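The values are calculated or read from the model by the stated rules, or taken from the named source; none is laboratory data. In this text, all values refer to a predicted model and were calculated from it rather than measured experimentally. Please note: Cβ atoms are built from the backbone with ideal geometry, for glycine as well, and neighbour counts cover all protein chains shown. The accessibility values were calculated without ligands, DNA or RNA, using every heavy atom of the protein model including side chains. Shrake-Rupley method; radii C 1.70, N 1.55, O 1.52, S 1.80 Å.
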Amino acid sequence: MSVPEYTNRKLVVPAELGLSRLKDKSVLITGGGSGLGLAYAEAFAKAGSFVTIVDFNKEAGQAAEKALAPNAVFSQCDVRQWDDLVAAFETAMAKSPCHSVDVVIANAGVIGRDDLYTLDDPTCPPQKPDLRTVDVNLYGALYTAKLALHYFRKHTVSAERDRCLIIKGSIAAYTDQPGSPLYNVSKYGVRGLFRNLRRTLHRDDVRINFVAPWYVRTPILSDKVVEYVTSKGVKFATVADGVRAMLNIAADQSINGRAIAIVPREEAPYGYMDLEHDDYEEGDVLKGWQETVLATAQSIVDMA
Ligand SMILES: NC(=O)c1ccc[n+]([C@@H]2O[C@H](COP(=O)([O-])OP(=O)(O)OC[C@H]3O[C@@H](n4cnc5c(N)ncnc54)[C@H](O)[C@@H]3O)[C@@H](O)[C@H]2O)c1
């Protein structure tokens, strides 16, 4: 089995998911202790996968491990810390029945106070901004991707076992978010990571896809935020549809290089859809530039 090179062939959402393909897979999920990450962990465990729940929050992670036993293990980890993440991947290798890492979901994320947006009193010395949001959402995903590629290559791909990396973004990777430059930067950053890696990872039989949710009711959104956006008529995407999309991507080995939006049911029948905003069409000036870059980029790297 070999991974198809990225093309602009969009994902067609199927009515049935081939979930039997997830049985006995080893799935590592960062931020797996809460919200969407926890819901993914529950669904993969139910489908017969072994899940390594990687989270900062010890109490939540331990509770999830207990609830999903024997199909899960918890590894406490701050995704900003390389050594913590290495230990998490080692845990997945050691504890999963197949002693492998097959699917990695770089999901951990935060929305914090945005120090870049908040301006200091110009008569006082400038305050160094707290960049935690970028550290967790972007640097954490970079470390996770680096380690996924390392551990994936410890097993041989086959019709049963592939290598699947899923990067968690947001619609904030496509829209301007006034007031939240750091969250915006972090999500555009991980989208850049996905777009870059999809050009080369097939050479190592690794699939990479990007998942971009619209507003979903999880603990990352405070009650005040939920109340406010609801009052503005905003419809929410659901956790259940986000889970279905994740299972679909992990189970279908033909899906590669796609960005999938998680959206309200009013927008798409199953609550998710191919975004189609990361491909250049004939006639787009960027298509020609992209082709030139593809033809030259590797040689420039080799010359450096
Ligand atoms: N809920 C939404 O509306 C929405 C929309 C778009 C994107 N997202 C993205 O989905 C992902 C999951 O968010 P969620 O909605 O489930 O939120 P959540 O707050 O319920 O879950 C986030 C999890 O990440 C963990 N985490 C935070 N910092 C960490 C760190 N440094 N190391 C390890 N774990 C850490 C938290 O402990 C928590 O368990 C995030 O990347 C978020 O940006 C969510």
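Please find, within segment 128-153, the residue that is nearest to the chain's Cα centre (by Cα) out of those that are surrounded by 11 or more Cβ atoms within 10 Å (Cβ to Cβ), more than 13 Å from the ligand (Cβ to nearest atom) and in a loop (DSSP other than H, G, I, E, B).
Looking at residues that are surrounded by 11 or more Cβ atoms within 10 Å (Cβ to Cβ), more than 13 Å from the ligand (Cβ to nearest atom) and in a loop (DSSP other than H, G, I, E, B), I get Arg153.
With respect to Asp284, determine if the residue is in contact (Cβ under 8 Å) with a residue 40 or more places away in the chain, open to solvent by 10 Å² or more (accessible area, probe 1.4 Å) and more than 22 Å from Ile105 (Cβ to Cβ).
no
Go through (1) open to solvent by 40 Å² or more (accessible area, probe 1.4 Å); (2) more than 27 Å from Val263 (Cβ to Cβ); (3) touching a residue at least 12 places away in the same chain (Cβ under 8 Å) one by one and return the number of the condition Tyr117 breaks.
Here Tyr117 meets the rest and fails (2).
Consider Asp84 against the criteria (1) closer than 20 Å to Pro219 by Cβ; (2) within 12 Å of the ligand (Cβ to nearest atom); (3) touching a strand residue (DSSP E or B) at 6+ places or on another chain (Cβ under 8 Å): it satisfies all of them except one. Which criterion is unmet?
(1)
Against the definition (within 12 Å of the ligand (Cβ to nearest atom) and assigned to a helix (DSSP H, G or I)), how does Lys187 come out, yes or no?
yes
Could you count how many residues in segment 87-114 are surrounded by fewer than 22 Cβ atoms within 10 Å (Cβ to Cβ) and within 12 Å of the ligand (Cβ to nearest atom)?
The qualifying residues number 3.
If you scan segment 163-181, which residues turn out to be surrounded by 21 or more Cβ atoms within 10 Å (Cβ to Cβ), closer than 10 Å to Ala259 by Cβ and not β-branched (Val, Ile, Thr)?
Those that are surrounded by 21 or more Cβ atoms within 10 Å (Cβ to Cβ), closer than 10 Å to Ala259 by Cβ and not β-branched (Val, Ile, Thr): Gly169, Ala173.
Which one of these does Asn248 not meet: (1) within 13 Å of the ligand (Cβ to nearest atom); (2) touching a Leu at 6+ places or on another chain (Cβ under 6 Å)?
(1)
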